[in-house]
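*Asks:* One structure, as structure tokens, below. Some questions next.
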Amino acid sequence: MSDCLFCKIVSGEIPADIVHQDKDCVAFRDINPQSPTHVLIVPRKHIPTLNELEADDAPLVGRLVLVAQKIAQDDEVDQDGYRLVWNCQEGAGQSVFHIHLHLLGGRKFTWPPG
Ligand code: AMP
């Protein structure tokens with residue numbers, strides 16, 4: 001998608017603070033972090049929202065979660081705890097329409113999230 005911000009980061013057209021990349025995904029630090037660790041794990045494949053996920057995408061989704069797990073370990077937030085968030089559609093806070101998994105850690109989180 002030529003006008004997609006995260007496609008441009010994935011392709012290297014727009015720079016980002018990348019912490020992991022492989023054949024399936026790119027992970028980079030959020031430009032407006034909501035916690036000491038705030039990383040976005042983004043599939044290379046352009047999928048606008050979780051609503052467009054298909055059965056064949058299940059391994060990709062699992063892969064993103066495992067990448068988040070590894071980054072949590074690398075950032076040493078895995079033992080104190082971290083939160084993984086998917087926002088789907090504007091009503092849930094989605095602002096970039098290329099799916100991404102938020103990894104948040106390094107502080108206490110409340111539940112319910114509000
Ligand atoms: P969401 O609101 O769930 O769609 O999340 C989008 C996230 O992308 C927000 O947390 C933004 O701060 C973040 N973001 C937007 N532009 C950039 C960028 N150029 N580099 C890194 N993160 C970004």
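Values in this text are rule-based calculations from the coordinates and carry no lab data. Model, not experiment: these values are computed from the prediction. Glycine gets a Cβ as well: all are built from the backbone with ideal geometry, and neighbour counts include every protein chain shown.
*Asks:* With the checklist (1) on the phi < 0 side of the Ramachandran plot; (2) small (Gly, Ala, Ser); (3) touching a strand residue (DSSP E or B) at 6+ places or on another chain (Cβ under 8 Å) in hand, flag the one item residue 62 doesn't pass.
*Replies:* For residue 62, the exception is condition (3).
*Asks:* Identify the single condition in (1) in a strand (DSSP E or B); (2) closer than 17 Å to residue 16 by Cβ that residue 83 does not satisfy, given that it satisfies every other one.
*Replies:* (2)
*Asks:* Let me ask something additional. Among the residues of the range 25-62, count how many are more than 10 Å from the ligand (Cβ to nearest atom), without any contact (Cβ under 8 Å) to a residue 40 or more places away in the chain and part of a strand (DSSP E or B).
*Replies:* 1
*Asks:* Give the residues of the range 44-62 that are over 25 Å from residue 113 (Cα atoms) and surrounded by 14 or more Cβ atoms within 10 Å (Cβ to Cβ), sorted by residue number.
*Replies:* Residues satisfying the conditions are 44, 46, 47, 57, 60.
*Asks:* Do you know which residues across the range 94-114 are assigned to a loop (DSSP other than H, G, I, E, B), small (Gly, Ala, Ser) and in contact (Cβ under 8 Å) with a residue 24 or more places away in the chain? Lay out the reasoning, then the answer.
*Replies:* Step one: list which residues in the range 94-114 are assigned to a loop (DSSP other than H, G, I, E, B), which gives 94-100, 106-114.
So of that shortlist, the ones also small (Gly, Ala, Ser) come out as 95, 106, 114.
Correct list: 106 only.
*Asks:* For the range 12-24, what are the residues that are surrounded by fewer than 16 Cβ atoms within 10 Å (Cβ to Cβ) and either within 13 Å of the ligand (Cβ to nearest atom) or part of a loop (DSSP other than H, G, I, E, B) (or both)?
*Replies:* Listed by number, the residues that qualify are 12, 13, 14, 15, 17, 18, 22, 23, 24.
*Asks:* In the range 75-105, which residue that is exposed (fewer than 14 other Cβ atoms within 10 Å of the Cβ) and among the charged types (D, E, K, R) is farthest from residue 40 (Cα to Cα)?
*Replies:* The qualifying residue farthest from residue 40 (Cα to Cα) is 80.
*Asks:* Are there any pairs, at least 6 apart or on different chains, whose C-beta atoms fall under 8 Å, with the first in the range 65-93 and among the charged types (D, E, K, R) and the second loosely packed, with under 14 Cβ neighbours inside 10 Å and in a loop (DSSP other than H, G, I, E, B), and if so, which?
*Replies:* Pairs found: 83/109.
*Asks:* Taking the conditions exactly as written (charged (D, E, K, R) and out of contact with any strand residue (DSSP E or B) (no Cβ under 7 Å at 6 or more places or on another chain)), does residue 75 satisfy them or not? Full working, then the answer.
*Replies:* Numbers: charged (D, E, K, R): yes; out of contact with any strand residue (DSSP E or B) (no Cβ under 7 Å at 6 or more places or on another chain): no.
It is false that residue 75 is charged (D, E, K, R) and out of contact with any strand residue (DSSP E or B) (no Cβ under 7 Å at 6 or more places or on another chain).
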